[in-house]
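Following: one structure in structure tokens, then a few remarks.
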Amino acid sequence: MDPSALAEDILSQADSFGTPAISDYAGRSVEYYASNESTSSINTIFTMGEDLETTYGGANMDETGLLKKVVAGSCASCGGSGISKSFYYLSFDQGATIDINETVKLIIEDIEDEDGNPVLRRVYGYNENGRLLRSVVIDSPSSSPAYWCRSSILSTSGLTQQVTESRMPSAHAVTSACRLT
């Protein structure tokens with residue numbers, strides 16, 4: 001049998017295919033949103049029924065087809081469950097005036113260790129063109145969070161979209177999640 005045909009056949013199968021199952025050998029698994037989920041009351045690794053929209057000031061965004069979860073370093077046959085990353089999406093209405101330095105989409109990434117314990121949350125803020133403007137690391141977002149922020153300012157004249165200023169964590173005095181955007 002042609003090895004490439006065998007590979008295509010295996011890749012088209014469900015994780016549970018075979019004995020032992022394909023998932024027993026996978027080092028990484030990826031899950032995508034099959035439908036839109038409300039971010040006003042969603043179960044995260046930090047809080048059951050967490051209201052991400054109120055916390056971060058955004059609106060629900062249709063996640064259908066977007067990345068939902070990645071588990072890396074898992075190996076069922078050797079007993080490892082891997083590090084898990086879950087993703088949530090929010091949008092912001094930019095209004096009539098287009099500003100390339102305004103955040104219009106947040107991607108929230110929750111990370112848990114191989115034992116299922118919450119580790120940290122990362123929040124990424126993107127402009128209308130998909131350029132990263134802000135990145136934030138938050139430890140313990142549900143109780144006494146600490147924030148480490150980085151941000152960029154893009155040029156609005158001449159060479160637009162060029163970074164004119166990069167701000168390090170020491171330039172930010174963030175004390176609450178609503179000041180991230």
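Each reported figure results from applying straightforward, stated rules to the coordinates on display, with no laboratory input. Note that the coordinates shown come from a computational prediction; the quantities given were computed from them, not determined experimentally. All Cβ positions, even for glycine, are placed from backbone atoms using ideal geometry, and neighbour counts span all protein chains on display.
Using only Cα coordinates, the Kirkwood hydrodynamic radius of region 25-127 works out to 14.8 Å.
Note that region 131-142 has calculated 3J(HN,Hα) couplings of 7, 6, 9, 9, 9, 9, 10, 10, 9, 6, x, 8 Hz, one per residue in order, obtained from phi through the Karplus relation 6.51 cos²θ - 1.76 cosθ + 1.60 (θ = phi - 60°); glycine and proline are x.
Peptides 164-171, 47-54, 101-108, ordered by how many other C-beta atoms sit within 10 Å of their residues on average, highest first, read 101-108, 47-54, 164-171. Excluding S35 itself, what net charge comes from residues whose Cβ is under 11 Å from its Cβ, given Lys and Arg +1 and Asp and Glu -1? Taking every other residue near S35 into account, the sum is -2. Rounded to the nearest 20, the size of the Cβ-charge dipole of the chain about its Cα centre is 740 debye, with Lys and Arg at +1 and Asp and Glu at -1. Translational diffusion of the chain was estimated from the Stokes-Einstein equation, with Rh taken as the Kirkwood radius over Cα pairs; at 20 °C and 1.002 mPa s the coefficient is 115 µm²/s. Size descriptors for region 81-165, from the alpha-carbon set: Rg then Dmax equal 15.4, 50 Å. Can you list the residues, at least 5 places off or on another chain, whose amide H is less than 5 Å from the amide H of G82, using H built in the peptide plane? Amide H neighbours of G82, under 5 Å, 5+ apart: C75. The stretch between T19 and A146, if pulled fully straight at 0.36 nm per residue, gains 41.1 nm over its current Cα-Cα span.
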